[in-house]
1. Between 0 and 90 degrees, rounded to the nearest ten: what's the tilt of helix 15-25 against the longest Cα principal axis of the chain?
2. How much of the DSSP beta bridge set in the chain is antiparallel, as a percent to the nearest 5?
3. Mind checking the per residue accessible area of the chain for me, 1.4 Å probe, whole number of Å²?
4. Carbon and sulfur: what percent of the chain's accessible surface (1.4 Å probe)?
5. Apply the Karplus parameterisation 6.51 cos²θ - 1.76 cosθ + 1.60, with θ equal to phi minus 60°, to every residue of the stretch 39-45 and state each ³J(HN,Hα) to the nearest whole Hz, in sequence, with x for glycine and proline.
6. Per-residue accessible area for THR53 at 1.4 Å probe radius, Å² rounded to 10?
7. How large is the accessible surface of VAL58 in square angstrom, using a 1.4 angstrom probe and rounding to the nearest 10?
Amino acid sequence: MNTRIIDAKGLACPMPIVKAKKAIDAMESGQMMELLTTDQGSLNDVQAWVKRTGHELVEIREEQGAYSFRIQKK
């Protein structure tokens, strides 16, 4: 199964969440999305959004100021 990559690097809140929502709405249940951001606020924002929407946050990685969130659509 392919993972959909959403590049929201360089965008400030709320744009990473807006892009993630638009992408996940077009996906089928069970599909994976990887959201890439550089906004430090996205650490809290993405976790809160995933909890609120009922999707699964599979993994968070941080490397040199860039964040990667692997999210599975429920």
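The values are calculated or read from the model by the stated rules, or taken from the named source; none is laboratory data. Please read these numbers as outputs of a predicted model, since none were measured by experiment. We work out accessible area using only protein heavy atoms, side chains counted, and drop any ligands, DNA or RNA first. Shrake-Rupley method; radii C 1.70, N 1.55, O 1.52, S 1.80 Å.
1. Result, in degrees: 10.
2. Values: 13 of 19 bridges.
Of those bridges, close to 70 percent are antiparallel.
3. Details: 4570 Å² over 74 residues.
That works out to 62 Å² for each residue.
4. Values: 2160 of 4570 Å².
It is 47 percent, rounded to a whole number.
5. For the stretch 39-45, the Karplus curve yields 6, 4, x, 5, 4, 6, 4 Hz.
6. Approximately 60 Å² for this residue.
7. Estimated to the nearest 10 Å², VAL58 gives 70 Å².
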